[in-house]
Every structure is written in structure tokens, then in C-alpha cells.
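Down below is the structure, laid out as C-alpha cells.
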């Protein structure tokens, strides 16, 4: 880690993550390189290696930030609600993920690469936040549905979180993919993030 104040270190890290985020809006994971990210920052490309050794670590840091924003959104809503119906809880999850399309995009496409290409310390930092997201949703189940059994709550968590990996590819489709589906005579109903998430969460709460 380079010498300097914690504020400068954090600012540099955020600048690198922001540069990666901006590139990811128009480029694929495979196209983005450390060089591309370095060109989008205010300091030299070699300086990036003081903070991240691989682009996978940068993407993992971006994913970590996305999870932190998702957790904050869930907690803000739950702090304002003493009670929730099953429809309201499913709607909360659906709205919160509708606002985090980037979280879903990274999950669906690059999660395995990011974890295997990151150092243990970076992976551990990410897993702490990921675990906090599970605890946040679990706390909502405990609070709003006290009659749910431990098995039912566990089933919700272990179904919903893996389900999140598939939301993006089922809701964001290119014209090429859409045309291919039509040529294959696949009668597929395209849904929004809100619709597919709400339907899943609501069924799990039954």
C-alpha cells in the first residue's frame, strides 16, 4: 500500500473504481484492461498496482460497493416500516434491485472470474459485505414474518440469492439475442427486473 493519508488512499481507490464503472457502461469485462482503467484516471497506470493487482480486484471492489448501496437501500426502507405484508416485502426487494442493475450485471457475467483473480484479503473484504446483505434480508424475514420457520427462512435465502445471478440475463436482452429467440421459435416472455424479482420473492414467501 502506498504511503499517504487514509483519505488520499481512499480517494485514489474510489477514482480507480469509478473509472472501471464508467468503462463498464460501454465495454465488456474482457475488453477492459488495467491500461484502459489507468487512462481514465488522473494518475499513471503503474500507480494502480499500488491499490489493485488485477482488474478482477477492481471489479470485485465495484461489486462490493454495489452490495453496500443495496444494503443501505434495504435498511432505509425497513427502518421506515414497522410492518410489511408479503406483497410489500417482495416489492421492496424488487424495487431495490431495479435500482441496482449494475450489481446484477456484474453478478451474472463475471463473478467467478473476479473471485479467482483476486487476492485473499480483497476476497475476504468482499465476503464480509456479501454476508451482511444476507443478514439484512434475513433480518427482514425475522421482523416481518415471525411465523416463518427457520427452514422456510433458510429456503428463502438459499433460493433468492442464487436467483439474483440470473436476473440480468433474463431481463436485459440484445437485439441479436431477441432475433435468435424468434428464429428458434422460442416463445419467451421478457420481464423487467421488478417483475421477475417480485414474482420470485412472492412465491418464496408463500
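The values are calculated or read from the model by the stated rules, or taken from the named source; none is laboratory data. Small disclaimer: the values here were computed from a predicted structure and weren't measured. For neighbour counting, all protein chains shown are included, and Cβ atoms are generated from backbone atoms with ideal geometry for every residue, glycine included.
Screening residue 39 on (1) under 17 Å from residue 24 (Cβ atoms); (2) modelled with pLDDT of 95 or more; (3) surrounded by fewer than 21 Cβ atoms within 10 Å (Cβ to Cβ) shows it passes everything except condition (2). When 197, 179 are checked against the criterion of being in a helix (DSSP H, G or I) and farther than 23 Å from residue 106 by Cα, a single residue qualifies: 179. For residue 28, the conditions (1) over 17 Å from the mean Cα position of the chain (by Cα); (2) surrounded by fewer than 17 Cβ atoms within 10 Å (Cβ to Cβ) all hold with the exception of (1).
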